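Structure first, commentary second.
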Amino acid sequence: MNRRAFIGLAGCALARPFIAVAQRASRSARIGYLALRSPMSADDAFLKGLVELGWVEGQNIVIERRFAAGSVDRLKDSAAELVRLRVDVIVAAASAPTQVVKEATASIPIVFANAGDPVGQGLVQSLSRPGGNVTGIAFDAGSDITAKQAQLLIEIVPKASRLAVLWNPTTAFLHSYWGALKTAAPKLRVSLQSLEVRDPGEFERAFDSMKRERADGLIVLSDTFATFHRARIAELAAKHRLPTVYGHSQYIEAGGLMSYGPSLADGYRRAASHVDKILKGTRPADLPVEQPAKFELVINLKAAKAIGLAVPQKLLARSDEVIE
């Protein structure tokens, strides 16, 4: 066999899995959906995005949903199950499911939705050229967003001089977020209290420490861990009457006060576009990773009232959503 013929055959072999996906798309396509946490309202945006593109569950697609309820072992079992089912594409909600399913298959296309730091976490080679079988929508908006969150918190608590920061140091990209906050603090004329939490059993200790140090407000740096425990965090913030800003609106649905960051729902909706292209024959390696495009400020007036906090009207006027 000469060199040209060998290269041609090799190229056909590499393309075959994705050609097969395109062929299966002519009938009902099978989509796996994997998440570490319980279902959230933002998950529905993925389904709506598919409908907008002509994919209707029960007509031309079947969706195999798996939610691991916070269990990494169950997440791994669910990923293996989706691979055994030989679905046409797997959608992974956030970073942890993406890492697990990437380890489970190198052939089935994977689309992540709202993964924190795709390059830094080794999910893709680069944003413009993902390589391999993984692509999707990133959630990381850059560490500068934390300064904006701190500014918003100070608008609600103008006399704030000390802000607590709750974060999980095992999430690599959050270190740059913490660093950006430290840089911004002198300009904002506030001091910071770092509270590292790796386990849900540490939340009580962290909030007790905030009380002892007389924190005027709290910034929660969001990752998969914090999002999964969002209801508990919001509950403790309310208990300690601590004004808190979060990284996305799911915390507000769980009872939190205020969030500013990328729209989770928009990330899931845009992930549907990647799935659509893959089902029509595009290789994941040829689909650049997209960064956050929509940011939203959400304020919960019920939570503000519960802790005796008055939200400035000018801030309410700038918000994208107000919960009353």
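The values are calculated or read from the model by the stated rules, or taken from the named source; none is laboratory data. Computed from a prediction, not measured in an experiment: that's the story for all the values here. Note: ideal-geometry Cβ built from the backbone for every residue, glycine included; neighbour counts use all protein chains shown. The area values use the complete protein model at the heavy-atom level, side chains included, leaving out ligands, DNA and RNA. Shrake-Rupley method; radii C 1.70, N 1.55, O 1.52, S 1.80 Å.
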Residue check for ILE19: touching a helix residue (DSSP H, G or I) at 6+ places or on another chain (Cβ under 7 Å), closer than 15 Å to ILE278 by Cα and either modelled with pLDDT under 90 or of a type in the set (Val, Ile, Thr) (or both): no
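From the list LYS280, LYS294, exactly one residue is at pLDDT below 95 and closer than 25 Å to GLY136 by Cβ. Which is it? If you could, list the steps in order and put the result at the bottom.
Numbers: LYS280 fails: at pLDDT below 95.
Going through LYS280, LYS294 in turn, just one is at pLDDT below 95 and closer than 25 Å to GLY136 by Cβ: LYS294.
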Qualifying residues in the stretch 56-112 (those that are at pLDDT 95 or above and among the hydroxyl-bearing types (Ser, Thr, Tyr)) - the one nearest to ILE278 (Cα to Cα): SER107
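Take residues that are hydroxyl-bearing (Ser, Thr, Tyr) and open to solvent by less than 50 Å² (accessible area, probe 1.4 Å) and tell me which of the helices (runs of 4 or more DSSP H) falling wholly in the stretch 50-157 contain 2 or more.
Numbers: elements: 72-84, 95-104, 145-156.
By residue number, 95-104.
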Members of the stretch 223-238 found to be crowded, with 18+ Cβ neighbours inside 10 Å and in a helix (DSSP H, G or I), listed by number: THR224, PHE225, ALA226, THR227, PHE228, ARG230, ILE233, ALA234, LEU236, ALA237
Count - residues of the stretch 82-117 that are in contact with an Asp or Glu (Cβ under 8 Å, 6 or more places away or on another chain) and free of Cβ contacts under 8 Å to residues at least 24 places away in the same chain: 0
Residue pairs meeting the criteria (Cβ under 8 Å; at least 6 apart or on separate chains; first more than 11 Å from ASP216 (Cα to Cα), in the stretch 235-246; second small (Gly, Ala, Ser) and part of a strand (DSSP E or B)): VAL245/GLY217; VAL245/SER259; TYR246/SER259; TYR246/GLY261
Subset of the stretch 203-222 [free of Cβ contacts under 8 Å to residues at least 40 places away in the same chain and open to solvent by 50 Å² or more (accessible area, probe 1.4 Å)]: GLU204, ARG205, ASP208, LYS211, ARG212
